[in-house]
1. One residue is enough: does region 41-56 have a residue meeting the conditions closer than 30 Å to A93 by Cβ, in contact with a Gly (Cβ under 9 Å, 6 or more places away or on another chain) and either assigned to a helix (DSSP H, G or I) or aliphatic (A, V, I, L, M) (or both)?
2. Just checking, which of P92, P72 is assigned to a loop (DSSP other than H, G, I, E, B) and surrounded by fewer than 21 Cβ atoms within 10 Å (Cβ to Cβ)?
3. Here are E47, E2, E74, E35: which of them is charged (D, E, K, R), within 26 Å of I139 (Cβ to Cβ) and at pLDDT below 95?
4. Tell me, please, whether a residue that is within 12 Å of the chain's Cα centre (by Cα), small (G, A, S) and buried (at least 18 other Cβ atoms within 10 Å of the Cβ) can be found in region 45-65.
Amino acid sequence: MEHHTLNDGRKVAIRSIGPDDHERLRASHARLSPESRYRRFLATKPELSSAEARYLVEIDGSDHLALVATLPDEPDEPIVAVARYIRLPDDPAAAEFAIVVGDDYQRQGLAGELMTRLAHAAVTRGVKRFRATMLADNIAIQRVTANLAAGPLKRRQLGSLSEVEIELAVANEATTAAPSPARRTGRDDAAPAIIAACAGS
């Protein structure tokens, strides 16, 4: 677990997600505004089912990796942001990514911090490209994504949606920023398509 200071001085802890984050993740989703939920899942989604939450917390740390930002000094360590990637079965060098930041923690640099750490972790695990489907007007996350790219952000417009893909910059310091694999220590079946959306920062 590492600590990170937000733009406004608040501190969060950043760590890998784990199985005993099941109820924390569901509670985090419930606290999101309807707009943030829609930006994350591209659909109205008032709650995460138990099966969906289980899929999202029981990761292997290589093909499926997720980082959370939490408030470790508050009761039950609430989750305020999540960034994850899932490697594509038919293209092991590529992965779908998604990120969601709680409404009270947006525009504080947290999305950029989580995505940078996620990209470094991906590179050390053999992932070279990130892909995502997001709302075309989600400029904030498109900027965050472009900052991770080794070249231009590739974008395909599909009505109100954009499919984006980037080649990840191979940073020399990637190994120093990479999180440890997900713990299977008791930390707290959905379709993998649950990843294919991205939320604003």
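1. no
2. Going through P92, P72 in turn, just one is assigned to a loop (DSSP other than H, G, I, E, B) and surrounded by fewer than 21 Cβ atoms within 10 Å (Cβ to Cβ): P72.
3. Answer to the selection: E35.
4. No - not one qualifying residue is present in region 45-65.
A quick yes/no check of all residues on (1) farther than 25 Å from A93 by Cβ; (2) of a type in the set (S, T, Y); (3) modelled with pLDDT of 50 or more:
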residue: A140; (1), (2), (3): yes, no, yes
residue: A146; (1), (2), (3): no, no, yes
residue: G159; (1), (2), (3): yes, no, yes
residue: S180; (1), (2), (3): no, yes, no
residue: G186; (1), (2), (3): yes, no, no
residue: D189; (1), (2), (3): yes, no, no
residue: A196; (1), (2), (3): no, no, no
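The values are calculated or read from the model by the stated rules, or taken from the named source; none is laboratory data. Remember, predicted model here, so these are calculated numbers, not experimental data. Backbone-built Cβ (ideal geometry, glycine too); neighbour counts: all protein chains shown.
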